[in-house]
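Enquirer: Take a look at this one; I'll ask things after.
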Amino acid sequence: MKKASLILFFCLSASCPGLFSQSTINANFQNELLVSVFERLSENYHLKFAYDNQLIQNIRITSIIKDLSIEKALHEILSGTDLIFEITGGVIIIKPREKSKMVFQENSFIIRGIIKDSLTLESLPYATIIDKQTGQFVVSNADGYFSYKIPNTDSVSLHISYLGYQNLNITLRNGQFNSLNKVYLTPVGMQFKEVIVKSGQNKPIQKESGVSHFSIDPIGTISLPQIGENDLFRSMQLLPGISATGENSAGLSIRGSAPEQNLIVFDGFNLYHADHFFGEFSALNPEIIKNVQIYKSGYEARYGGRATGMVLLTSKTGNLNKPSFNVGLNMLSSHIMAEFPIGKKISFIMSARRSYTDILKSNVYKSIFQSIRSNTDETIINLGGVYESINNSSIPDFYYADLNTKLSYFPNDKNIVTFSFYKGLDNFKIANEHIGNIYSSNTINKTNWGNTGASIRWAKQWNAKFYNNISLGISEFLNTYQNNGSYTLISANPYKTTDNETNKIDDITFNVHNEFKVSTNNKIEFGIQSTNHKIDYQQTLDSTQSRTMQSNGNEISVYLQTAFNPSQHLTINPGIRLTYSNIAQKSFIEPRLSATYFVTDEISFKGAVSKHTQVINKSSFDNSNGAYRDFWYNANAGSLPALTSTHYVMGGSFSNTFFDIDIEGYYLDFKGLSEIKQNSEQDILSINKDFFAGNGFSKGIDVFLYKKTGMLNAWACYSYCIANNTFAGLNNGVTFPADNDQRHEFKLSTIFNYKTWAFSAVWIYGSGKPYTGIDYGFSLDIPNGTQRFFMFEPAQNSLRLPDYQRLDVSCTYSLKGYWCAAKIGLSIINLYGHSNMKSLYDHLIKLNDKNQSTYIIERVNTNSLGFTPNCFINFTF
Amino acid sequence: MMSGCKKEASPGSKLIIQSYLYANKRFDTLRIAEFVAGDIPFFSRPVIHADVVIETPENSFRLTDLQGHSGIYYYSGSDFIIKPGTSYTLTVKYNNYVIIAQASIPAKSSEPILLNDTIIVTNTVTSKNIDQSFATLKWNQVTDYSFIISDYEEKDTLPIDIYSSINSSYVPYYFQRPFNGNSVTMQMYDFKYYGSYNILICQVTDDFMKLFDEPTGTQVPTLIQDNIRGGYGIFTGVYCDTVKLKVLKEQP
C-alpha cells in the first residue's frame, strides 16, 4: 500500500472517546459506492476513516443497518468485500483481508451466500445465481441459501436474478469466499422514488431451466386481468399445458390430467379443494404468497405423492426491517395484510381476506353467480365437493374468508424456524320453499367447507456444504352439509327431516430434507417423507339411511437425488424415490432422470423420464338424493390399486436477452385409474366392490414463446394434447377421451408498461372438451300408470363442447406517496362477450299434449362469464 | 340425472314398440315411435302408416293406424281376444325397418285370495284394531314375477284424502315394480284415498321384468329384449286377476 495514497479522513468535530461503544448506526445503502458509504457515516456519526482509494474504488454496498453498534455495522458493511477494519486511536483503518486460509480443496473454494429482499430482509427462495465467467449456475434453496464451488481465483462475478426483482451483478473477491455473503435484491419499481416499472422487468412468469418447470411472481400477476380476485391459479392457467378454458380454480388440469392428480403444497402442508366461490377462485390469498413453483412433469425425486404435476407455494416470512401494511378492496372482498419485525430476529406476517357477498351483492358477484347457473330452472353447484341442486330463483347467503399467519425466527445467519398457519372457509346457506298441490315444503341447506393447515419448519445451513430442512405439516379439509326440511302434506302436521354429512380428510406430513454439496459440479439431496392420510366420510339421511367410509393410511417415502455436470454443457439430475403404502401393502420404486444439454449459451436440449406414485385419489358418487359427492380414498391391496404414472418428456429451448422459446413433447402413461360404480346402494362404500380400475395416457406438445424485453412483455402458449382412458367396465372396454382431453389450446398474454401504467390483455382459445350427452331416448308406459325412461348414450365422451374463446383486458395504475403506495386497477373479463359453454348434460322433460305426452331431451348447459367489469384498489404503507 | 333412467349404446334401429297383451281381454293397442336426431335430441315421434300384423299359429290380425297421427294401432274387429298360454308374433314394417317380436301369455290364473278385504284407517294402532289395519293377499305363483296394481274404483266421486291421518307419500315396492313372491301385506299407509280399490295381481314374464333392470354394477346396461328383433320397447303378455279391497275411516 502506498503511503501517498492513504487518505485520512478526519471528522471536523472533536472525536468522542466513548463513541465506538455507545453509538448505534441506522442506515440503508442500496448499491452505493463504498467511498460514499464512508462519507455518509463520517458525516452522520462523526467517524474518522483511513483507507486506500484504490482499494475501495468500484466497490458497491447494499446493506441495511438497523440499531447496530459501529463495530457490528462495519462488519455488516464489509461482509461482502475483501476488506476488514481496524480501530486505532479513534480512526477506522480499512485494509485488505488476508488471503483466506479456508481452502476447501486444493485449488478451489466454496462461496456461499443468502439472497434477501433489500426492503424487507426476507429470504428469496429459488433465485438464480449465474457465474458470468463459466455460465454455470446454481439456484438458491427454499430459504434463499446458495453455495457454489469455484476454482482458485482472485474474484468471481455473479449475475443474480429473481422473478419480480432487479437483476444484480456482484463481484466477490478472494477473502469473501469463506464468509456468508448476503446479497440484497430490490423489488422491481421500488428503487425509485416514484413507482416506475422499467420495461421488461414486470414479469409475472418465468420459464425455469429445468424440465417442465415454471415459476410465478404473485406481485407481477396483479397487472393481469382478474375475475374479481387476483388469483394465482388463474395465472398458472396462462402457462402452456395447464388448461385455462375450464374457468375453475378448484384445481389445475395439467397436460390432460384430472386436478386430483396434481399436488398443491403450501408451506409444507397439502391442500385439498383449494377454492372459494364454488370453484371460481383459489382459496389462497396471493398477497401472502412469496413464491410459486410449478412442475408439470418429470420433476425430481424429492417431490412425490401425485401422478402428474405439482405446485409449491411458499408464503412470505414478513418484513424484518419495519412494519408494513397492505389493505385492498375489490368488488367481492376486502383484505388486510400486516407484517412487522419483533425484535431483530423475529418477523410476523398476517393476512386476512373476507368477501362481503353476504352483505352486498355486487354486479361482479351477480355475474359470477349467474355464470354458475344453468339455462334451466335448477343448477347443480359445487359446494366444496358437494354437488347440490339449487333453484335458480333462490339467492343464497354466501361468503368466503381466509386467514394466513406466519412467524419466522432467525436466531442467526444459519438457522431459520418458521410456523405457518392457514384457514380457508366458504359458508353457504340457502332456503327453498315449495308450495304444491300435494305438499308444501321448506328446506334450509347449510354447507361449510374449507382447508385448515399448519406447519412448523426448521432449516439450517450447517456450513458451506450441508443444509437441511425439517418440517411437520398438518392439513385438514372439512365439508359439513346439513339439510333441514319441513314437509307438510295437505291438512296434515309437518313432517321434519334432517340430513347431515361430513367429509373430512386429515393429513400429517413429516419431512426431512438434506442437501450436501460434494464438489463443484455435484450436489446430493436426500430425505424422508412420511404422510398419514385419514379419511372420514359420514352421511345420515333423516336418521334412517347412513353411509360411511373411513380409512387411515400411511405413506412413507425416502429419496436420493443428485445434480452433476459431466461437462460444461451437460447437467444431469438422476434420482430415486421409494414409497411404501401400508394400506396398499406395497412398495413403489420411482426412478427419476432429467438432463439438459447446452449446445450454446442460448440453445439447449432437455429430457426427462420419471415414475410417480399416488396412493390417495378422488372420486364421486351419487348420494341417492340425485346429488353427487366428491370424496378421497386410500388405495388398497385389492381392486383399488395405487395410481402410478411414467412421464417421458423431451424438448428444447432457445433463450437470449430478448426472447425465450421452449418446446416440449410429452407422453404420460397412467396405470391404476379408478372409477366408482354409480348407483351403488351399499350402506358402507366397499372399496373392493364399488370401484373398478383402468389405465390411461396423455400425450402432446407444449410450445412457449416469451418476449421479455421492451415495453411490451408478452408470452404465447400453444398446447396440443390427447388424453385417453380405458376401463374394462366402462364404454364396453373401448378407449375413450378423458374428461380433460382438449386437443388445442392457445393463450396470448401481454403486459404493456408505460411509466406508472400497466395495460394487459389475455386472449384464450381452446377446442371443445368432451362430454357424453344423450343421442336418443324413449319412454314406455307401465300398466300401473307410471313410465320408464330409456336413453341411448353415444360412446363415452364422444361428443365435444363448442370451442372456447375470450379476451380479457386490464389497466393498472401505480402511485407512490410519502407514506404509502397504491395500485388501482380495472379489469374487463370477456370483452367481446363471447358465449362459452362450461358444461353440458342432457335430461328428459315432458311436454304435455291433449292426446299424448311427448318427451324431449333437454340440454342443460352452464355458460361462462359474459362481459364482466371489475375494479380493485390496494394500499401498501 | 333422472331416477329410473336407463342408458344404452346408440341404437342400430330407430323404431320403438309398446304393447301389453292382457290375458282374456281384447287386444288393446300397439304404440310405435321412432327416434329423430337433431341439435337437441328429440325423444321420439309417432310412426304412422306402418304395416302391422299380429299372428298366432291359427290366426292373423292386421292392425289399423288410429287417426290423429298418434302412432297408436288398434284392431278394428272384436275377435282378437288374448288367450292364456298362447304365443303371439308381431311384425312391423315401416320404411326400411322390420321389427319382429314374440310374446307368450301366462297360462293360467294365479287364483288370488284376500284374507281381509277391508282396511280400517286409524289414528292409533292398538292390539284391538291391529288386525284391521292391514290386508294380506296370497296367490299361486304361475310365472317368476308378479306385479300388483292398485286401481282406485270411485273415480267419479271426489276422493277423500286420507293424508290427514296418515303422513306418508311412501309407495310400497309391490306397487312400483315386479317381484318374485306369492303374498303381500298391504297397509293403510299404502293408499291415498278412502274408498274401494281393485287390486290387480298380474303375472308377468322376464321381458316385463327387464324394464326394471337398474344399471347397477355397470354403467352401460343393455335393453335389448330377447323377444324383439329389429327394434326396442316392450311386447309382452300379462295375466291379471282382480280382488276388491276397501279402505275405510275408523268410526268413532
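Enquirer: Taking residue A:235, is it free of Cβ contacts under 8 Å to residues at least 60 places away in the same chain, in contact with a helix residue (DSSP H, G or I) (Cβ under 6 Å, 6 or more places away or on another chain), assigned to a loop (DSSP other than H, G, I, E, B) and crowded, with 23+ Cβ neighbours inside 10 Å?
Expert: no
Enquirer: Would you tally the residues in the range B:171-214 being within 13 Å of chain A (Cβ to nearest Cβ) and among the small types (Gly, Ala, Ser)?
Expert: 0
Enquirer: Among the numbered criteria (1) surrounded by fewer than 22 Cβ atoms within 10 Å (Cβ to Cβ); (2) more than 27 Å from residue A:840 (Cα to Cα); (3) of a type in the set (Val, Ile, Thr), which one does residue A:349 miss?
Expert: Result: residue A:349 passes all but (1).
Enquirer: Here's a follow-up. So residue A:824 fits all but one of (1) hydrophobic (A, V, I, L, M, F, W, C); (2) within 24 Å of residue A:381 (Cα to Cα); (3) in a strand (DSSP E or B); what number is the exception?
Expert: (2)
Enquirer: Take the conditions modelled with pLDDT of 85 or more and more than 15 Å from the chain's Cα centre (by Cα) and apply them to residue A:218. Does it pass?
Expert: Taking the combined requirement at face value, the residue does not satisfy it.
Enquirer: Something else: Report, by residue number, each residue of the range B:68-89 that is within 14 Å of chain A (Cβ to nearest Cβ) and without any contact (Cβ under 8 Å) to a residue 24 or more places away in the chain.
Expert: B:68, B:69
This table checks each residue for (1) within 25 Å of residue A:122 (Cα to Cα); (2) basic (Lys, Arg).
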| site | (1), (2) |
| --- | --- |
| A:389 | no, no |
| A:393 | no, no |
| A:408 | yes, no |
| A:416 | yes, no |
| A:419 | yes, no |
| A:423 | yes, yes |
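Enquirer: Return the total of residues in the range A:751-780 being touching a residue at least 12 places away in the same chain (Cβ under 8 Å), within 14 Å of chain B (Cβ to nearest Cβ) and touching a helix residue (DSSP H, G or I) at 6+ places or on another chain (Cβ under 7 Å).
Expert: Counting residues in the range A:751-780 that are touching a residue at least 12 places away in the same chain (Cβ under 8 Å), within 14 Å of chain B (Cβ to nearest Cβ) and touching a helix residue (DSSP H, G or I) at 6+ places or on another chain (Cβ under 7 Å) gives 0.
Enquirer: On to the next question. Between A:432, A:442, which is surrounded by 16 or more Cβ atoms within 10 Å (Cβ to Cβ), away from chain B (no Cβ under 14 Å), over 29 Å from residue A:272 (Cβ atoms) and at pLDDT below 90?
Expert: Of A:432, A:442, the one residue that is surrounded by 16 or more Cβ atoms within 10 Å (Cβ to Cβ), away from chain B (no Cβ under 14 Å), over 29 Å from residue A:272 (Cβ atoms) and at pLDDT below 90 is A:442.
Enquirer: Collect the residues in the range A:781-807 that are within 15 Å of residue A:768 (Cβ to Cβ) and more than 7 Å from chain B (Cβ to nearest Cβ), keeping them in residue-number order.
Expert: Result: A:797, A:798, A:799, A:800, A:801, A:802, A:803, A:804, A:805, A:806.
Enquirer: Continuing with the same structure: What's the number of the condition residue A:870 fails, among (1) modelled with pLDDT of 75 or more; (2) more than 30 Å from residue A:326 (Cβ to Cβ)?
Expert: Evaluating residue A:870 over (1) modelled with pLDDT of 75 or more; (2) more than 30 Å from residue A:326 (Cβ to Cβ) leaves (2) as the failure.
Enquirer: Please give the number of the condition residue B:206 fails out of (1) at pLDDT below 85; (2) of a type in the set (Asp, Glu); (3) under 30 Å from residue A:734 (Cα atoms).
Expert: (1)
Enquirer: Could we say that residue A:713 is away from chain B (no Cβ under 14 Å) and either part of a strand (DSSP E or B) or modelled with pLDDT of 80 or more (or both) here?
Expert: Yes: the conditions hold for residue A:713.
Enquirer: While we're looking at this one, here's another question. So, of the residues in the range B:9-44 that are within 22 Å of the chain's Cα centre (by Cα) and at the interface with another protein chain (Cβ under 7 Å from one of its Cβ atoms), which turns out to be modelled with the highest pLDDT?
Expert: Applying the filter and picking the extreme gives B:20.
Enquirer: May I pose another question? From the list A:198, A:182, A:193, A:203, exactly one residue is touching a Lys or Arg at 6+ places or on another chain (Cβ under 7 Å) and either modelled with pLDDT under 75 or of a type in the set (Asp, Glu) (or both). Which is it?
Expert: That would be A:203, the only listed residue that is touching a Lys or Arg at 6+ places or on another chain (Cβ under 7 Å) and either modelled with pLDDT under 75 or of a type in the set (Asp, Glu) (or both).
Enquirer: For residue A:859, are the conditions met, namely being modelled with pLDDT under 80, under 30 Å from residue A:361 (Cβ atoms) and among the charged types (D, E, K, R)?
Expert: Yes.
Enquirer: Is it true that some residue in the range B:73-88 is crowded, with 17+ Cβ neighbours inside 10 Å, modelled with pLDDT of 90 or more and among the polar types (S, T, N, Q)?
Expert: Yes, there is a match, as at least one residue in the range B:73-88 is crowded, with 17+ Cβ neighbours inside 10 Å, modelled with pLDDT of 90 or more and among the polar types (S, T, N, Q).
Enquirer: Related question: Out of the residues in the range A:391-416 that are β-branched (Val, Ile, Thr) and over 23 Å from residue A:228 (Cα atoms), state the one that is modelled with the highest pLDDT.
Expert: A:405
Enquirer: Let me ask another. From the list B:197, B:174, B:170, which one is in a helix (DSSP H, G or I) and either at pLDDT 90 or above or not aliphatic (A, V, I, L, M) (or both)?
Expert: Testing whether each residue is in a helix (DSSP H, G or I) and either at pLDDT 90 or above or not aliphatic (A, V, I, L, M) (or both) leaves just B:174.
Enquirer: Could you list all residues from the range B:171-196 that are touching a Lys or Arg at 6+ places or on another chain (Cβ under 6 Å) and either β-branched (Val, Ile, Thr) or farther than 22 Å from residue B:209 by Cα (or both)?
Expert: Answer for the range B:171-196, where residues must be touching a Lys or Arg at 6+ places or on another chain (Cβ under 6 Å) and either β-branched (Val, Ile, Thr) or farther than 22 Å from residue B:209 by Cα (or both): B:194, B:196.
The values are calculated or read from the model by the stated rules, or taken from the named source; none is laboratory data. These figures come from a predicted structure and were not determined experimentally. Cβ atoms come from the backbone with ideal geometry, glycine included; neighbour counts cover every protein chain shown.
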